[in-house]
1. With (1) modelled with pLDDT of 95 or more; (2) assigned by TED's automatic domain parsing to the domain that holds A58 as the list, and D173 as the residue in question, which single condition is left unmet?
2. Looking for something without any contact (Cβ under 8 Å) to a residue 40 or more places away in the chain, among the acidic types (D, E) and over 23 Å from T9 (Cβ atoms) - is there at least one such residue anywhere in the stretch 175-197?
3. For the stretch 33-61, how many residues meet the condition of being assigned to a helix (DSSP H, G or I) and touching a Leu at 6+ places or on another chain (Cβ under 8 Å)?
4. How about the stretch 176-190: which of its residues are under 15 Å from V204 (Cα atoms) and either part of a loop (DSSP other than H, G, I, E, B) or in contact with a Gly (Cβ under 7 Å, 6 or more places away or on another chain) (or both)?
5. Do the conditions hold for V155, that is, is it of a type outside the set (D, E) and modelled with pLDDT of 90 or more?
6. Here is a list of conditions, (1) within 16 Å of A8 (Cα to Cα); (2) in contact with a strand residue (DSSP E or B) (Cβ under 9 Å, 6 or more places away or on another chain); (3) exposed (fewer than 14 other Cβ atoms within 10 Å of the Cβ), and V151 meets all of them except one; can you say which number that is?
7. How many residues are surrounded by 12 or more Cβ atoms within 10 Å (Cβ to Cβ) and acidic (D, E) if we restrict to the stretch 155-210?
8. Pick from the stretch 33-75 the residues that are surrounded by 12 or more Cβ atoms within 10 Å (Cβ to Cβ) and charged (D, E, K, R): which of them is modelled with the lowest pLDDT?
Amino acid sequence: MNASRHPATVSDVMTRKVVAVTLETSFKDIVRTLEQWKVSALPVVADGTRVVGVVSEADLLRKEEHREDDAPPVGAVPDKAAAVTAEQLMTAPAVTVRDDAPVAQAARTMALHRVKRLPVVDADGALQGVVSRGDLLKVFLRTDEDIARDVRGIVMVDLLPEAWQSVGIDVVDGIVTVSGLLADRSLVPVVARMARSVEGVVDVRFDLTSSRV
C-alpha cells in the first residue's frame, strides 16, 4: 500500500478478480464454481452486475442435512433443502460493502454478520470485487517508515506543531512510541487516538516526561 494520511478504503485492498453466479445458476454449477475458485461463498447477480444475494457452502449443505426428510408437497415454495437454483438457495438481501467505505467499516460489518468475505459494490449496487479478512489485514503490511511519516504528520503538524523539538515519534513493527517532553499530559489520550487512526498502527506507547502534570 502507498503511504497516505487518508484512511484506506475497501477499494485499496479488495480483490478485483471475482466470480459470481446468476439467479438461474444450477445447484451443481454452484458447487463446481466454489470448488474451482476455492471459495466458500459466491455473490449472486441480476441484470449482469447488480448483487442481489450470496450463496454459500452452508446454504448448499441444507440439502445434505435434510436428505432423508419427506419431500415437500407438490407446488410448495421450496426451502433451501429442496432448492435447485441460486435464486432459491441464496441468502438475500446480500450483506455488501461500498468500494469507497473505510477498511474499518468493512471489518465491523464482517464481525457483525459473522462472515469472512463481503461482495464489494459501487453506488449503484454493481459488483466491483470481493473483500476478505485477509484483504483487510493488508493495511498492516505498510512499512514502519510510512506509518511514522503519517503519525508525525497528524500528531506533530496537526495537533502539536510547537512540539517538534521536544517530542519524538518512532515506529517498530507497527508499534508507535511517543517519547520526550510533553508539556500537557492531558493530551496523551488525544495523541493516542489520533495515532491509532493511522492505517497499519498495531499499538501506541508512551515514554514521556512532563513539565507539569
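The values are calculated or read from the model by the stated rules, or taken from the named source; none is laboratory data. Values in this document were obtained by computation on a predicted structure and should not be read as measured data. FYI the Cβ positions are ideal-geometry reconstructions off the backbone, even for glycines, and counts take in every protein chain you see.
1. (2)
2. Of the residues in the stretch 175-197, the ones without any contact (Cβ under 8 Å) to a residue 40 or more places away in the chain are 175-193, 196.
Applying the additional criterion that residues be among the acidic types (D, E) yields 184.
Now restrict to residues that are over 23 Å from T9 (Cβ atoms): 184.
Yes: one or more hits.
3. The first filter runs over the stretch 33-61 and keeps only residues assigned to a helix (DSSP H, G or I), leaving 33-37, 57-61.
Still in the running and touching a Leu at 6+ places or on another chain (Cβ under 8 Å): 33-34, 57, 59-60.
Final tally of qualifying residues: 5.
4. Answer for the stretch 176-190, where residues must be under 15 Å from V204 (Cα atoms) and either part of a loop (DSSP other than H, G, I, E, B) or in contact with a Gly (Cβ under 7 Å, 6 or more places away or on another chain) (or both): S179, G180.
5. no
6. Of the numbered conditions (1) within 16 Å of A8 (Cα to Cα); (2) in contact with a strand residue (DSSP E or B) (Cβ under 9 Å, 6 or more places away or on another chain); (3) exposed (fewer than 14 other Cβ atoms within 10 Å of the Cβ), the odd one out for V151 is (3).
7. Here the count works out to 4.
8. Applying the filter and picking the extreme gives K63.
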